[in-house]
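What follows is a set of notes on a single structure, which appears directly below.
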Amino acid sequence: MSVIYDALQKAENQNKAGPGSAQKKKSKSLVPFLSVICVIAGIIFIFNYLPKKKIMVKVKPPEAPVVQPVIPAKEEGPQIPETPSEENYIIEGIIYSSKEPLAIINGRILKKNDKIDEFEVRDISPNSVELVRPSDNTSLNLTFK
């Protein structure tokens, strides 16, 4: 009987408190939960929707590279000693034709009467080239080595 008596007393106490007392207890437990959700929503709003302050950083533009013109070195021909020799002139090729033969000496293409340093091409044959210095008539006969 004590179980029944306890249940009746509990029912009477609930009736005295009123029908909404159980709901008030539930709503009191929702207040902290809803306040946490409001704080989180406020933080999200602040970081996403409020205008952000722009930070201006001055960046020094890169300096243009200094371009210096390339001055090619002067190509100097072979040094001609006081007494010229065939060793100073290297015959690299002969293109022989009876009308206009050509010779390649020290990388230069020469024909009859062209000049290389102090010398003039006097004759080009299929196997040799004759050079003459007009100032003293020194003659060099160049052949393939």
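Here, each number is a calculation from the coordinates, and none is a lab measurement. What you see is a predicted model, and the numbers here were worked out from it, not measured in a lab. Heads up, the Cβs are rebuilt from the backbone with ideal geometry, glycines too, and the neighbour counts pull from every protein chain shown.
Things worth noting here:
- FRET efficiency for SER139 and ASN106, using Cβ-Cβ distance with R0 set to 22 Å, rounded to 0.05: 0.80
- Around ARG122: net Lys/Arg minus Asp/Glu count, Cβ-Cβ under 12 Å: 0
- Spacing of the two label points (7 Å from each Cα toward its C-beta) at ASN88 and ASP114, in nm: 1.9 nm
- Extension gain, PHE33-TYR5: 0.36 nm per intervening residue step, less the Cα-Cα distance, totals 6.3 nm.
- Region 86-143 - percent relative contact order, Cα under 8 Å, separation 6 or more: 26 percent
- Projecting label points 7 angstrom from Cα along Cα→Cβ for GLU12 and PHE47 puts them 5.8 nm apart.
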